1. Restricted to the range 39-52, and to residues that are outside any helix (DSSP H, G or I) and aliphatic (A, V, I, L, M), which residue is surrounded by the most Cβ atoms within 10 Å (Cβ to Cβ)?
2. Which condition number does residue 36 fail, the rest of (1) open to solvent by 100 Å² or more (accessible area, probe 1.4 Å); (2) among the acidic types (Asp, Glu); (3) assigned to a helix (DSSP H, G or I) being met?
3. Between residues in the range 1-16 that are over 20 Å from residue 37 (Cα atoms) and residues that are part of a loop (DSSP other than H, G, I, E, B) and not hydrophobic (A, V, I, L, M, F, W, C), which pairs lie under 9 Å by C-beta distance while being six or more apart or on different chains?
4. For the range 1-14, give me each residue that is surrounded by fewer than 10 Cβ atoms within 10 Å (Cβ to Cβ) and hydrophobic (A, V, I, L, M, F, W, C).
5. Can you pull out every residue in the range 9-25 that is in a helix (DSSP H, G or I) and either under 13 Å from the mean Cα position of the chain (by Cα) or within 16 Å of residue 47 (Cβ to Cβ) (or both)?
6. Condition (residue is in contact with a Lys or Arg (Cβ under 8 Å, 6 or more places away or on another chain), at pLDDT 85 or above and open to solvent by less than 90 Å² (accessible area, probe 1.4 Å)) applied to the range 18-27: is it met by at least one residue?
7. Does residue 48 satisfy being of a type in the set (Gly, Ala, Ser) and at positive phi?
Amino acid sequence: MKKRIEKHKQERIGFDTFEEPIEVYKIIESLNQKYEVAILDCLTTYLGNLYYYEKDIEYYTKNLLIH
């Protein structure tokens with residue numbers, strides 16, 4: 001996964017990248033309208049993280065959707 005992240009960073013030179021495996025909604029909050037567009041890459045990996053860490057899927061997806 002670390003190699004994959006580094007590859008993605010190299011492909012996105014000139015973009016700001018924020019990495020967060022669980023609390024993605026907190027990153028979105030912290031952006032505080034600093035950007036016109038934000039991309040979540042990748043929703044499948046995010047959901048996999050929630051399952052892996054045995055998080056409350058409903059709680060985290062609701063928080064993500066309201067932000």
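The values are calculated or read from the model by the stated rules, or taken from the named source; none is laboratory data. Values in this document were obtained by computation on a predicted structure and should not be read as measured data. Note that each Cβ is placed from the backbone with ideal geometry, even for glycine, and that neighbours are counted across all protein chains shown. Surface areas here come from the heavy atoms of the whole protein model, side chains and all, with no ligands, DNA or RNA. Shrake-Rupley method; radii C 1.70, N 1.55, O 1.52, S 1.80 Å.
1. Within the range 39-52, the subset outside any helix (DSSP H, G or I) is 39-42.
Then drop every residue that is not aliphatic (A, V, I, L, M), which leaves 39-40.
Details: 39: 9, 40: 12.
Checked the range 39-52; the qualifying residue surrounded by the most Cβ atoms within 10 Å (Cβ to Cβ) is 40.
2. Going through the list (1) open to solvent by 100 Å² or more (accessible area, probe 1.4 Å); (2) among the acidic types (Asp, Glu); (3) assigned to a helix (DSSP H, G or I), residue 36 breaks only (3).
3. Here the result reads 5/17; 5/19, each pair linking the range 1-16 to a residue that is part of a loop (DSSP other than H, G, I, E, B) and not hydrophobic (A, V, I, L, M, F, W, C).
4. Matches in the range 1-14: 1, 13.
5. Let us first name the residues in the range 9-25 that are in a helix (DSSP H, G or I), namely 9-11, 24-25.
Within the range 9-25, 24, 25 qualify.
6. yes
7. Working: of a type in the set (Gly, Ala, Ser): yes; at positive phi: no.
So residue 48 fails the test.
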